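Asker: Before I ask anything, here is the structure I am working with.
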Amino acid sequence: TPADAIRNFCIIAHIDHGKSTLADRMLQLTEVVDKRQMRDQYLDRMDIERERGITVKSQAVRMPWKTRSGEGEGGDFVLNMIDTPGHVDFSYEVSRSLAACEGAVLLVDAAQGIEAQTLANLYLAMENDLAIIPVLNKIDLPSADPDRYAEEIAGLVGCEPEEVFRVSGKTGVGVEELLDAICEQIPAPVGDPDAPPRAMIFDSVYDTYRGVITYVRVVDGRLQARARIEMMSTRAEHELLEIGVISPEPKSGKALGVGEVGYLITGVKDVRQSKVGDTVTNARGPAEEALPGYTEAKPMVYSGLYPIDGSDYQNLREALDKLQLNDAALQFEPETSAALGFGFRVGFLGLLHLEIIRERLERESNLDLISTAPNVVYDVTMEDGEEIEVTNPSEFPEGKTRAITEPIVNATILTPSDYVGAVMELCQTRRGTMKGMDYLSPERVEIRYSLPLAEIVFDFFDQLKSRTKGYASLDYEPSGDQEADLVKVDILLQGERVDAFSAIVHRDQAYHYGVKLAGRLKKLIPRQQFEVPIQAAIGSRIIARENIRAIRKDVLAKCYGGDISRKRKLLEKQKEGKKRMKNVGSVEVPQEAFIAALRTD
Ligand code: GTP
């Protein structure tokens with residue numbers, strides 16, 4: 001296909017504003033999927049995504065479309081719709097999907113208005129110079145208020161309210177007009193057809209049968225089937241076994257030219273060999289310079305993952321290995337905990353990523369897991385200048401430190417104006433610094449804060465939702481590191497540290513954390529033959545203390561004179577209980593107590 005007839009676009013939308021429904025309607029109108037084949041949400045492949053209604057992985061579909069005006073190319077176009085992941089954790093993947101497009105459909109629910117996430121992605125699209133087509137969706141809803149929200153969107157995009165499209169993905173109203181507008185308003189891709197090929201990877205998915213399927217957008221030149229290709233970040237070479245387009249199933253072809261979007265198969269078995277953002281070129285006669293914007297996926301949040309049943313350790317390792325084939329951002333290494341046994345320290349892009357991985361492990365591999373409280377990555381500079389990266393609080397270095405830095409994010413919060421006070425109060429208590437505030441309309445406000453990521457990781461979103469009756473939305477992006485007065489709080493049982501409960505917190509929060517956990521453990525740990533102190537400490541300084549009182553009688557006391565079989569039974573039972581006991585010093589703690597303490601929040 002000549003580049004002039006190609007239109008590459010994505011849909012920017014908040015969760016539930018109807019992206020999948022609109023995409024499905026487009027597939028149907030362009031006759032890529034017929035009515036009979038149509039199942040709801042064709043594009044969301046994974047069951048877990050379908051159930052939770054979130055889109056995690058991006059994908060691209062090619063659709064032919066003939067405009068009714070017939071202008072330009074005789075009105076015959078090829079549309080490539082690139083699906084973008086909808087959640088903050090995957091913002092790098094979003095940025096690569098946007099970079100593969102010349103235009104974006106900004107899709108907003110006509111009964112809800114724009115949300116923080118949409119706003120963040122809209123800004124990203126504008127920075128990438130994409131043509132923006134503003135669209136109000138769900139106009140069939142009785143509660144839709146398109147006039148009001150057209151005004152809001154027009155203000156943001158810089159167009160007239162009348163220029164905002166009004167559609168319903170459900171009934172199909174306005175969708176043909178929208179497809180025409182995509183052809184007419186989004187520019188054709190520009191590239192040098194005679195240059196050595198350069199294609200950007202915007203997604204890469206592991207398939208059990210075919211190995212890694214890599215989605216690319218060709219910028220310059222031609223990628224040809226059977227050619228030897230090279231990944232520019234690693235200089236690794238592969239043979240291009242298959243090349244083609246998705247429409248909506250894979251269709252293999254001979255080549256992909258300037259502006260085209262499609263897939264590659266090289267037989268590699270691991271998505272880390274085909275990284276999002278990387279540039280594909282020919283091994284013979286390679287391009288000189290890679291396309292801009294490549295960065296390594298770097299975990300932002302770490303958590304310990306332990307099997308509740310210790311004999312599942314090997315299964316957990318295998319399950320993690322398997323997931324890693326499909327997830328270049330997932331990192332893990334073995335770890336042992338006195339409290340929880342053998343497990344792994346796992347790095348994630350963010351909290352949703354953590355939740356998804358955990359759920360997939362539990363569901364797909366049938367594992368029962370416990371995870372330690374998530375923490376961010378701290379950089380510690382020791383007095384002697386040595387720098388240490390801490391991904392596990394219990395490994396926080398002893399000794400004098402010169403400085404500790406923590407990751408900071410720029411957060412955008414959208415809220416009804418009634419809740420501005422409540423949102424600001426929350427951000428202030430979470431060590432936030434206000435960066436700005438704009439009224440999108442008299443009722444809706446955009447508030448910008450700089451916040452430590454650690455504070456967001458810790459139940460920020462739940463708090464935000466509950467303080468705004470669920471109306472506020474949040475988006476954030478990393479914005480570097482900042483020094484902070486942080487300390488490690490340890491929890492001691494009879495003087496012994498319980499590693500799973502060590503946490504790095506701001507000095508002002510240390511006492512609160514210590515009291516809370518000591519209190520919680522006191523309730524959960526059964527009484528022993530002797531008194532057990534539970535202490536919270538910063539270094540050698542105790543900041544909080546609780547006591548578990550001793551029990552007086554031993555289990556056999558009440559059996560004096562009783563029959564021997566009953567006594568044996570009791571001893572038997574006690575032995576069984578012991579199997580699941582963990583010893584912390586001389587204190588026996590049922591593993592359940594640790595698990596329960598980590599679970600409650
Ligand atoms: P994520 O995949 O979670 O990002 O959601 P999405 O944006 O893809 O939304 P989806 O298409 O799953 O639609 C969300 C809900 O809105 C579903 O219950 C749809 O049936 C409904 N919906 C989507 N489009 C329309 C529409 O035009 N009109 C009405 N009335 N409902 C719609």
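The values are calculated or read from the model by the stated rules, or taken from the named source; none is laboratory data. Note that this is a predicted model, so its numbers are computed, not measured. Cβ sites come from the backbone with ideal geometry, for glycine too, and all protein chains shown count toward neighbours. Note: accessible area is taken over every heavy atom of the protein model, side chains too, but ligands, DNA and RNA are not part of it. Shrake-Rupley method; radii C 1.70, N 1.55, O 1.52, S 1.80 Å.
Asker: Go ahead and collect, in residue order, the members of the stretch 293-320 whose backbone nitrogen is under 19 Å from a label point 7 Å along the Cα-Cβ direction of residue 379.
Answerer: Counting only backbone N, you get 295-302.
Asker: Show the residues, 5+ positions off or on another chain, whose built amide H is closer than 5 Å to the amide H of residue 479.
Answerer: Those lying under 5 Å, H to H, from residue 479 are 408, 409, 410.
Asker: Just grab the label-to-label distance for residue 15 and residue 333, each label 7 Å out from Cα along the Cβ direction, in nm (one decimal).
Answerer: Modelled inter-label distance: 3.2 nm.
Asker: Ranking request for peptides 2-9, 281-288, 18-25: highest mean number of other beta-carbon atoms within 10 Å first, then the rest in descending order. Each step should come with its number before you reach the end.
Answerer: Numbers: 2-9: 19.8, 281-288: 16.1, 18-25: 22.9.
Per-residue Cβ counts within 10 Å, averaged per peptide and sorted highest first, yield 18-25, 2-9, 281-288.
Asker: Under a crude label model (7 Å from the Cα following the beta-carbon direction), how far is residue 511 from residue 126 in nanometres?
Answerer: 4.5
Asker: A follow-up question, please. Quick one: check the C-alpha center-to-center distance for the stretch 117-151 versus the stretch 458-481, whole angstrom.
Answerer: 21
Asker: Now for a different question. Before I look further, what does the chain give for accessible area per residue, probe 1.4 Å, in whole square angstrom?
Answerer: Numbers: 27550 Å² over 601 residues.
I get 46 Å² per residue for the chain.
Asker: Can you run phi through the Karplus equation (6.51, -1.76, 1.60; θ = phi - 60°) for the stretch 176-186 and list ³J(HN,Hα) in whole Hz, with x for Gly and Pro?
Answerer: So the Karplus estimates, Gly and Pro as x, are 5, 4, 5, 4, 4, 5, 4, 5, 8, 9, 8 Hz.
Asker: Additional query: Toward the positive end of the charge dipole of the chain, about the Cα centre and with charges on Cβ (Lys, Arg +1; Asp, Glu -1), which of 466, 371, 413 goes farthest?
Answerer: 371
Asker: Cα axis of helix 313-325 to longest principal axis of the chain: angle in degrees, 0 to 90, nearest 10?
Answerer: Rounded to the nearest ten degrees, it is 20.
Asker: Given a Förster distance of 56 Å, report the FRET efficiency between residue 283 and residue 141 from their Cβ-Cβ distance, rounded to the nearest 0.05. Walk me through the numbers on the way to the answer.
Answerer: Values: r = 53 Å, r/R0 = 0.96.
Between residue 283 and residue 141 the formula returns 0.55.
Asker: Taking 0.36 nm per intervening residue step and subtracting the Cα-Cα distance, what contour gain separates residue 400 from residue 435 on full extension?
Answerer: 9.2 nm
Asker: While we're on this one: Give me the dipole magnitude in Debye, nearest 20, for the chain about the Cα centre, with unit charges on the beta carbon: positive for Lys and Arg, negative for Asp and Glu. All intermediate terms of the calculation are to be shown ahead of the outcome.
Answerer: On the way: 73 positive and 96 negative charges, 746 e Å.
The calculated dipole for the chain is roughly 3580 debye.
Asker: Using a 1.4 Å probe over the heavy atoms of the protein chains, calculate the carbon and sulfur portion of the accessible area of the chain as a whole percent. Each step should come with its number before you reach the end.
Answerer: Working: 13040 of 27550 Å².
Of all accessible area on the chain, carbon and sulfur atoms account for 47 percent.
Asker: Output the 0 to 90 degree angle, nearest 10, between the alpha-carbon long axis of helix 116-127 and the longest principal axis computed from the alpha carbons of the chain.
Answerer: Approximately 50 degrees, to the nearest 10.
Asker: Then there's this: Once label points are set 7 Å from the Cα along Cα→Cβ at both residue 459 and residue 485, what is their separation, rounded to one decimal in nm?
Answerer: Distance between label points: 2.4 nm.
Asker: Work out the charge dipole of the chain with +1 on the Cβ of Lys and Arg and -1 on the Cβ of Asp and Glu about the Cα centre, then indicate which of 543, 209, 84 is farthest towards its positive end.
Answerer: 543
Asker: Let me ask something else. For the stretch 259-370, just list the percent of Cα-Cα distances falling in each 10 Å bin from zero outward, please.
Answerer: Calculated P(r), rounded to whole percents: 12, 37, 26, 15, 8, 1.
Asker: Using amide H atoms built in the peptide plane, which far-off residues or other-chain residues are under 5 Å from residue 445 H to H?
Answerer: Correct list: 415, 417, 440.
Asker: What's the extension gain from residue 294 to residue 162 if we count 0.36 nm per residue and subtract their Cα-Cα distance?
Answerer: Details: separation 132, 0.36 × 132 = 47.52 nm, distance 3.85 nm.
So the extension gain works out to 43.7 nm.
Asker: Please list 3J(HN,Hα) in residue order for the stretch 330-346, calculated via the Karplus relation 6.51 cos²θ - 1.76 cosθ + 1.60 where θ = phi - 60°; whole Hz, with x for glycine and proline.
Answerer: Computed from phi, the couplings for the stretch 330-346 are 7, 10, 7, 8, x, 8, 10, 10, 4, 7, 10, x, 8, x, 9, 8, 10 Hz.
Asker: Apply the Karplus parameterisation 6.51 cos²θ - 1.76 cosθ + 1.60, with θ equal to phi minus 60°, to every residue of the stretch 443-448 and state each ³J(HN,Hα) to the nearest whole Hz, in sequence, with x for glycine and proline.
Answerer: 9, 10, 10, 9, 10, 10
Asker: Turning to a different aspect of this structure: So who's got an amide H within less than 5 Å of the one on residue 502, skipping anything under 5 residues away but keeping other chains? H placed 1.01 Å off N, in plane.
Answerer: 491
Asker: Angle, helix 564-579 long axis vs. longest principal axis of the chain, Cα atoms, 0 to 90°, nearest 10?
Answerer: It works out to around 40 degrees.
Asker: Here's something else I'd like to know. Considering all alpha-carbon pairs of the chain, what whole percent are spaced by more than 43 angstrom?
Answerer: Details: 56562 of 180300 pairs.
The answer is 31 percent, as a whole percent.
Asker: Compute the length gained on full extension between residue 443 and residue 148: take 0.36 nm times their separation in residues and subtract their Cα-Cα distance, giving the result in nm to one decimal.
Answerer: Numbers: separation 295, 0.36 × 295 = 106.20 nm, distance 1.09 nm.
That pair, residue 443 and residue 148, stretches by 105.1 nm at full extension.
Asker: Take the alpha carbon atoms of the stretch 173-193, find their center, do the same for the stretch 322-351, and report the distance between the two centers in whole angstrom.
Answerer: With the stretch 173-193 and the stretch 322-351 each reduced to a Cα centre, they are spaced 43 Å.
Asker: Between residue 425 and residue 314, what is the FRET efficiency for a Förster distance of 60 Å, r being their Cβ-Cβ separation, to the nearest 0.05? Before the final figure, lay out the partial values.
Answerer: Numbers: r = 48 Å, r/R0 = 0.80.
The computed FRET efficiency comes out at 0.80.
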